[in-house]
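> A single structure is presented below for examination.
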């Protein structure tokens, strides 16, 4: 089975970051554990870079003053539209309209989704990206809890969680 960066990130989130978002273990030790879990070194390095990028982009986004006009619509570039399927884009719009995402976090989610080494991001993958991003945002606990319930309810309904 070919594991992707997304699979490594999902494993990290489920096993380390969900309960302890500020958990920062020794990267060498964590890489060893991930290798022992069956992930390839290249994918592990890419996952670490993705997480580093999340931290950098979060800091950069915090310094920006983005104010969303409630009537404004986000237009996706051709590359974004190819990679982020219509269900995922619709999900982001719904999350924004419900107040779970603001303009800043939406852009951070899009940037992090585009940074994944995947040709296309499905709705389920988009939900996980949003969950990982919200997990790293201070003061977004209620949005994080809402989305976490949605993601895990979907997984239980599909028989993927026991």
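Throughout, read-outs are computed from the coordinates displayed, never taken from laboratory work. Keep in mind the model is a prediction, meaning the values are calculated, not measured. Don't worry about glycine lacking a Cβ; one is built from the backbone with ideal geometry, like all the others, and counts go over all protein chains shown.
> Please give the length that would be gained between residue 77 and residue 14 if that part of the chain were fully extended, namely 0.36 nm times their separation in residues minus their C-alpha to C-alpha distance (nm, one decimal).
Full-extension gain reported as 19.5 nm.
> What length, rounded to one decimal in nm, is gained on full extension from residue 59 through to residue 115, with 0.36 nm per residue of separation minus their alpha-carbon distance?
18.5 nm
> Which value in nm describes the separation of the simple spin-label points at residue 37 and residue 98, placed 7 Å from the Cα toward the beta carbon?
If labels sit at residue 37 and residue 98, their model points lie 2.7 nm apart.
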